[in-house]
1. Work out from phi, with θ = phi - 60° and the Karplus expression 6.51 cos²θ - 1.76 cosθ + 1.60, the ³J(HN,Hα) of each residue of the stretch 365-382, listed in order in whole Hz, and give x for Gly and Pro.
2. Once neighbouring chains are kept in place and the probe is 1.4 Å, which whole percent of the accessible area of the chain is contributed by carbon and sulfur?
3. Estimate the FRET efficiency between Q90 and L263 by the formula 1/(1 + (r/R0)^6), using the beta-carbon distance for r and 25 Å for R0, to the nearest 0.05.
4. Which three extents, in whole angstrom, do the alpha-carbon atoms of the stretch 301-398 cover along their principal axes, largest first?
5. Equivalent-ellipsoid semi-axes (√(5λ), Cα gyration tensor) for the stretch 59-210, whole Å, largest first?
6. Calculate, in nm to one decimal, what I114 and I159 gain on full extension: separation in residues at 0.36 nm each, minus their alpha carbon distance.
7. The stretch 1-139: Rg/Rh from Cα coordinates, Kirkwood Rh?
8. Out of all Cα-Cα pairs in the stretch 180-236, roughly what percent, to the nearest whole number, are more than 19 Å apart?
Amino acid sequence: MDLTERFINYTKFDTQSAEDSESVPSTSKQLIFAEYLKNELIREGFSDVDMDDKGYIYATLPSNVKKNIPTIGFISHYDTSPDASGANIQARIVQNYDGSDIELSPGIVSSPSIFPELLAHKGEDLIVTDGKTLLGADDKAGIAEIIQAMCYLRDNKDIKHGDIRVAFNPDEEIGMGAHHFDVEKFGCEWGYTIDGGDLGELEFENFNAAGAKIFIKGVSVHTGYAKGKMINANRLACEFNAMIPETDIPETTEGYQGFYHLLNIDSRTEEAKLSYIIRDHDRSRFEDRKRFMEDCVRKMNEKYGEGTVRIELKDQYYNMKEKIDPNMHVIDLVLHAMQECGVPPKVMPIRGGTDGAQLSFRGLPCPNIFAGGVNFHGPHEFVSIQVMEKAMQVIIKICELTASYND
């Protein structure tokens, strides 16, 4: 099975995760793919293949040398985003893309006038959907690249390497992927998530992240007799959101700029709930943002009465940079590998998070490397076969370079 065939085969499994689920994994259909993946690893000859009851899969490609080499690992998630359907994905290849519009289905077009990143891949072979689902390159491309790289090392014993661990997990898209990851079982000195975007992306800075839920208690009274009695939670929800600066939302920020993002509103006259995410790369500004939300709640209660509005704040993950900075050799290896593979590195902060952020704070330094997908979480997602091949080559080269790490 080649890399492209492997990836397209993975896309046939619906592995969409679910935000409001309390089970692990969040959807039972993820376990169907996890079982398939576990059996594939066994067929390919991996050692120590293990899947726990939550769908976390671990395996080893054993060392082919006798000297002591650091054990490193590669990680990808197999769930796909709740933002777009992951069922009945119809992947197809656009060969030798010429830079023009791509008709995914009648009336559904991926155009470089809207998605200019397409033009960076002229002359390449692109895998796209029919425009009705996402593709799932986030992150099944990463899984395919890791497994294909391990199979290449297995079959090319002249490339020296130490023990290499691989792991595949559910629920990354809902921020839960690392919560049940067994770092001790993984047993690596450092690792890499293969979950980045386009060619050359290397990320070891990410947002500090929190979730905020705002609960508003209204009073429902017949509208004909509401004066002085009604507290309309719908209107208070709008008022609360109007307190968020328009300069500090995803639509108006970029780079290192943080934001507040209103995910959803569930509202009627007598009660309302607003769900936000809070993001900032800088830890002190991140703490300021949380205090700002609490201050907005305080002001609403001063106006409408104590207990009208309450907030639940929960930290989700932190910027991995503070854990990577003391371990910059893990970045130097990637940069060296990219250079050897002819990949221009694009070191950039993640305007989001990865499982590697949480894992880094649990003792496993774990930056993020490109997997090749573009336009994640929607029907215009695509991946270049040539970029996937480069990602596979970088993984192989990292393993090879690690073998000479102590030389």
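1. Whole-Hz 3J(HN,Hα) from phi for the stretch 365-382: x, 8, x, 10, 10, 4, 10, x, x, 9, 6, 4, 6, x, x, 9, 4, 8.
2. Reported share for carbon and sulfur atoms: 48 percent.
3. The formula returns an efficiency of 0.30 here.
4. So the extents along the principal axes, rounded to whole Å, are 64, 39, 18.
5. Largest first, the stretch 59-210 gives 33, 20, 14 Å.
6. Gain in length upon complete extension: 11.9 nm.
7. Rg/Rh: 1.05.
8. 66 percent
The values are calculated or read from the model by the stated rules, or taken from the named source; none is laboratory data. Just so we're clear, the structure is a prediction, and the values are computed from it rather than from any experiment. Cβ atoms come from the backbone with ideal geometry, glycine included; neighbour counts cover every protein chain shown. What goes into the accessible areas is simple: the full protein's heavy atoms, side chains included, and nothing from ligands, DNA or RNA. Shrake-Rupley method; radii C 1.70, N 1.55, O 1.52, S 1.80 Å.
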